[in-house]
């Protein structure tokens with residue numbers, strides 16, 4: 001019931017489009033109208049009434065549109081008035097005109113050549129790189145993290161040279177035995193042997 005009393009009391013404060021310009025609210029300044037509405041907002045309890053008051057406050061804040069502004073709302077630039085040219089469109093006008101007015105056959109040929117070149121690039125992946133990536137993926141994620149954290153390139157190169165020398169020079173019955181005490185270095189040696 002309190003909300004309906006508030007609605008009736010503030011009728012005299014607000015613009016009523018049916019009454020026209022003879023309404024009492026025309027005589028009050030905008031600040032007084034907003035203060036009156038805000039004082040009423042504290043008394044209103046239900047959500048719909050608060051929404052209504054907020055809507056009325058916003059309506060009071062917005063000035064009336066003139067005919068030019070209303071026409072601008074219904075005729076935005078793509079359909080209505082021409083847009084003034086931007087500085088970007090004025091620079092290198094000749095090059096942009098060539099780009100915009102390209103022949104459709106030339107455009108199709110360019111797109112086909114770009115698609116073919118991307119297919120060639122995908123097909124020309126090195127087999128060794130694929131093997132290395134597959135071997136890297138087989139290694140456990142925690143091991144990969146440990147390898148990334150403490151990367152020892154000299155040690156790994158030493159293991160690789162030792163193992164490759166053994167493979168090239170060694171016979172069928174030969175055994176390579178390396179004395180590695182550090183568990184992380186043993187892990188690196190196992191990784192080199194797997195690859």
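The values are calculated or read from the model by the stated rules, or taken from the named source; none is laboratory data. Just so we're clear, the structure is a prediction, and the values are computed from it rather than from any experiment. All Cβ positions, even for glycine, are placed from backbone atoms using ideal geometry, and neighbour counts span all protein chains on display.
Summary of values
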read-out: Whichever residue in segment 147-161 is touching a helix residue (DSSP H, G or I) at 6+ places or on another chain (Cβ under 9 Å) and within 17 Å of residue 194 (Cα to Cα) and, among such residues, is surrounded by the fewest Cβ atoms within 10 Å (Cβ to Cβ); value: 160
read-out: Filter result for residue 105 (over 32 Å from the mean Cα position of the chain (by Cα) and part of a helix (DSSP H, G or I)); value: yes
read-out: Residues of segment 174-195 that turn out to be part of a loop (DSSP other than H, G, I, E, B) and at pLDDT 80 or above, as a count; value: 9
read-out: Residue satisfying condition, being exposed (fewer than 10 other Cβ atoms within 10 Å of the Cβ) and at pLDDT 60 or above, within set 67, 75, 36; value: 67
